[in-house]
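For reference, the structure is listed below as structure tokens.
The values are calculated or read from the model by the stated rules, or taken from the named source; none is laboratory data. Note that the structure is predicted; figures quoted are calculated from it, not measured. Virtual Cβ from ideal backbone geometry, glycine too; neighbours counted across all protein chains shown. We work out accessible area using only protein heavy atoms, side chains counted, and drop any ligands, DNA or RNA first. Shrake-Rupley method; radii C 1.70, N 1.55, O 1.52, S 1.80 Å.
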Amino acid sequence: MYAVTEAYQQAIRAPVRTERLRGTLTLTDGTVRSFGPESLMSGSVTLDTQCVNGQELEFGCVYLGQASFQLRTDLSRYKLYGARVSLTYGLRLPDGSWADLPLGVYTVAEAERTNLCVSIHAYDNLLLLDRDYTGPALQGTPYGMLSQIAEHCGLELGVTEADLAGQPNAAETFQLDTQDGCATWRDCLAAVAQVTGCFGAVDRAGALVLRPFGAQPCATLGTGDRAGAAVADYVCRYTALVVETGGRRLVSRDPDDAGGLTMTITDAPLFAKGLAERAQALADALFAHLQTLPYVPASLTGVADPALDCGDRLTITEPGEASGQTSAQTLVTHRVWKFRGSSTLKGVGKNPYLAAARDKGAAALQQLQTDTVNNRLIFYSFVNPAAVTAGPGAEVTAARVTFVTVEKTGALFFAQLLVNAEPDAPEPEDPDTGGADAPADTGGQTGEDTGEDAGEDAGDGGESAAPAEPPSLLLEVRYYLNGSPVTGFAPVQRLTAGPRILALFYPFTELEADTSNRFEVRLAVTGGTVTLAAGGLRGVITGQGMAGGPVWDGTLQAEDALGPAAWQRRPLTAGPLQDQPALHAAAPASAAGRDTLPALAWAPAALVLQDLQAESPAIQQEEV
């Protein structure tokens, strides 16, 4: 609900009101035309918007708001196409002043001339999101991704990060790219709104917002504030959430309550990325928020307050005999407001008694989607965010990418590097090894013969010296998977000075299922320096059975280079050594053994004895 004063609330509910409607029309050439009630056909101004697509509560709807009116003007209808329309509602307060309420900013899409006026149909600024989404990838928290969508589509941002802090998964980080099934920027906004339990819209100033469904009533409508009411006799409360997307099925359920409704989400790309455990945690957080939104479906007519918006929670007093209650709360899912005409607020919802009914067509489409996803190629592209300089010494990380596998599979890595090589200058030639002072090899010939040979060489034109090769350096590209170097494969390229292009390729033959992998590309240079500008490395990892990982997977990596260590010589002083030696005689001891020998055959042999000499051992005692 748009913020209004207490005086406004009293005046809008008075039986007699004085009101006005004014607007401005800004043509594409910059011409501005103002108009008032006298230029509008009576009862022709209608504002129509909604925040669900079907007849049930849903998250992630992005519905174009529409304004239609009949304008008395002499302008050609062709000049009205693309014009900007701004509408303002005015209400006279009890003190005689006027309270002006903006009704929105719209762009004229249809204009039809009749005899008396021009019938105009205009749409709000969500129309700017109906452009093909071809990138770049959106990364960050939901607020950060919303900011990127607004920037690329030329819209202002109408919410702050604090406004989304209370929504589910608002502090999580995500990534969305062209491979996730988002054809337009409106699809991207729907994916972000879905994971936060909101719907996409623009505020009354035309700024982009994510708007949640109200958990607390913002207004009370009694019998005097409406012309009629149709209130259901059941409450829409959700006891289960099912997310079926990307080949996975996530279920969050209240185990103590099985009598409520089940919200089913069939196209949620942010739930299909990353590990299944993380996706289940996202679904659980969204389900916890869904359980706080019970409401009674209702349809209210004759509500004249234009300050009410889709997503508002209203309290209805005396809803009727069908509800059996004195009051009920409903959510506004559809809103049609007419200036000085009949207005309608509607809150749709499914009957819990029909919750068990299944749509066979939806089930068949989901099965087809699952079969298609299993064979879909996933492309995970990346660039180096900052400039990199590699020189002699330690290797330098050029790029790092995280990707997730949901099944045992393989993948391919492709990349191109746009580098600038600066080889070291060659060492100057030693003058002692050449020139006029160098001794000539005469080959044993006399000076006269040497001269003749020289003359013959000169006559033949001589042999010119070969040009010197330009200086070059060696660039080695090293791959690391999960912190371990990939052995046996390290491309090496010799580069001369100037800009150069390198094409890289590496196959991942076996990747385990349900794992988060970190792949790094590092550069090592010998004989010079190589510079890689920011964005100079463009790579992609592609394969089946993969999913792009989150922006941050919980791993912190830090690198530091240690300089040379300085060693200081210090004297080593040893004190005197003392000992008390002791001498004693030790008798030799040997273990006795017994064995049975077989019969031996003795042969006569001569026995010769030589003089035997023995020296008695001497023991000498020395002082230590």
Quick check on ALA191: is it under 15 Å from the mean Cα position of the chain (by Cα), outside any strand (DSSP E or B) and within 21 Å of THR333 (Cα to Cα)? yes
Can we say VAL62 is in contact with a Leu (Cβ under 9 Å, 6 or more places away or on another chain) and β-branched (Val, Ile, Thr)? yes
Checking LEU556 against (1) open to solvent by 10 Å² or more (accessible area, probe 1.4 Å); (2) at pLDDT below 90; (3) under 26 Å from PHE489 (Cβ atoms), only one condition comes out false. Which one? (3)
Scan segment 338-358 and give yes if some residue there is over 30 Å from LEU47 (Cβ atoms), outside any loop (DSSP other than H, G, I, E, B) and modelled with pLDDT under 80, otherwise no. yes
Exactly one of GLU427, GLU463, GLU452 is modelled with pLDDT under 50 and open to solvent by 80 Å² or more (accessible area, probe 1.4 Å), and that one is GLU452
Would a scan of segment 73-81 turn up a residue that is part of a strand (DSSP E or B) and more than 44 Å from the chain's Cα centre (by Cα)? no
Does any residue of segment 152-162 turn out to be among the aliphatic types (A, V, I, L, M), buried (at least 22 other Cβ atoms within 10 Å of the Cβ) and more than 30 Å from ALA14 (Cα to Cα)? no
Counting only residues that are modelled with pLDDT of 90 or more and in a loop (DSSP other than H, G, I, E, B), how many does segment 314-337 have? 2
Taking segment 4-22 as the search range and keeping residues that are open to solvent by 60 Å² or more (accessible area, probe 1.4 Å) and part of a loop (DSSP other than H, G, I, E, B), which one is farthest from LEU40 (Cα to Cα)? THR5
